[in-house]
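I have placed the structure first, in the form of structure tokens, so that the comments after it can refer back to it.
A short reminder: the numbers here are calculations on the coordinates, not readings from a lab. Owing to the predicted nature of the structure, the values given are computational and were not obtained by experimental measurement. We place every Cβ from the backbone using ideal geometry, glycine too, and count neighbours over all the protein chains shown.
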Amino acid sequence: MPVNLLPRDGEVAYLPEYFSTIEADALLTEMNNCLDWSQETALVFGRQVPLPRLTAWYGPTSYAYSGVMHSARPFPPVIQQVAKSIEQAAGNFDCALANLYRNGRDSVSWHCDNERLWGVRPTIVSVSFGATRSFRLRHKSSGENVSVELDHGSVLIMSGETQQCWLHSIPKTDRTVGSRINLTFRRLVTLSA
């Protein structure tokens with residue numbers, strides 16, 4: 001069992017080299033070429049701002065965040081392959097948000113994935129391909145920080161109270177880094193009226 005990286009209020013497990021280098025290289029190439037990448041804009045302080053990354057959404061329902069609406073789309077074969085590969089370690093999932101960080105200037109700001117669609121204690125699985133980037137977590141009340149370097153072919157599993165108690169981000173970096181694709185897998189819950 002992997003060690004919990006969080007000191008409290010949630011569980012985060014890191015599985016480096018989950019995919020072999022050969023398999024991770026092949027998946028990265030396929031995702032670069034076949035996913036339906038788009039440059040989305042988000043509503044920030046009343047104005048439309050381009051997101052600092054490219055995105056693609058796959059799942060049985062539409063998904064909206066920060067004024068960005070993604071329509072429902074089935075998993076393409078490469079996403080199905082990754083989802084099947086992580087089942088034993090993390091369970092099965094029916095939604096995936098793909099993010100393409102083109103260089104060190106692409107990022108995602110502090111947030112948590114606590115939408116009702118994912119339930120009260122969701123498991124969110126982050127699978128990384130390409131350049132290593134720092135993944136930061138910050139406790140919402142204590143301000144404690146945890147950082148992990150997400151390497152090519154690695155899997156990070158966030159569960160328990162993580163989305164209620166912690167924020168996470170991929171900060172910009174001035175270092176010269178190559179592109180990175182991240183898949184965040186989630187599972188829809190049935191919402192009662």
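The table for this structure:
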| item | result |
| --- | --- |
| 13 Å beta-carbon shell around ALA24, net charge (K/R +1, D/E -1) | -4 |
| Dipole moment magnitude, nearest 20 debye, the chain about Cα centre, only Lys, Arg, Asp, Glu C-beta charged | 540 |
| Under the Karplus curve 6.51 cos²θ - 1.76 cosθ + 1.60, θ = phi - 60°, whole-Hz ³J(HN,Hα) for region 17-27, x wherever Gly or Pro sits | 6, 5, 9, 4, 4, 4, 5, 4, 4, 5, 5 |
| 3J(HN,Hα) from dihedral phi, region 151-157, Karplus parametrisation 6.51/-1.76/1.60, rounded to Hz, x for glycine, proline | 8, 4, x, 8, 10, 10, 10 |
| Charge dipole (the chain, unit charges on Cβ, about Cα centre) - positive-most of ALA56, VAL125, THR29 | ALA56 |
| Within-12-Å neighbourhood charge of HIS139 [Cβ basis; K, R +1; D, E -1] | +1 |
| Computed E for SER142/VAL120 - FRET, C-beta separation, R0 22 angstrom, nearest 0.05 | 0.55 |
| 5 Å-binned pair-distance histogram of the chain (Cα, whole percent) | 1, 7, 16, 21, 22, 19, 10, 3, 1, 0 |
| Mean ellipticity per residue at 222 nm, deg cm²/dmol - from DSSP H runs of n ≥ 4 across the chain, formula -39500 (n - 2.57) | -5000 deg cm²/dmol |
| Ordering of 35-46, 68-79, 100-111, 178-189 by packing [mean C-beta count within 10 Å, highest first] | 178-189, 100-111, 68-79, 35-46 |
| Relative contact order, percent, region 6-86 [alpha-carbon distance under 8 Å, six or more residues apart] | 20 |
| Value of Rg to Rh for region 82-183 (Rh from inverse mean 1/r over Cα pairs, i.e. Kirkwood) | 0.95 |
| Vicinal HN-Hα couplings computed from phi for region 160-177 (Karplus, 6.51 cos²θ - 1.76 cosθ + 1.60; Hz; Gly/Pro x) | x, 8, 3, 6, 7, 10, 10, 9, 9, 7, 10, x, 5, 9, 7, 5, 7, 10 |
| Summed residue charge, Cβ within 15 Å of LYS84's Cβ, Lys/Arg positive, Asp/Glu negative | -3 |
| Whole-number percent relative contact order across region 11-186, with pairs defined as alpha carbons under 8 Å at least 6 apart | 30 |
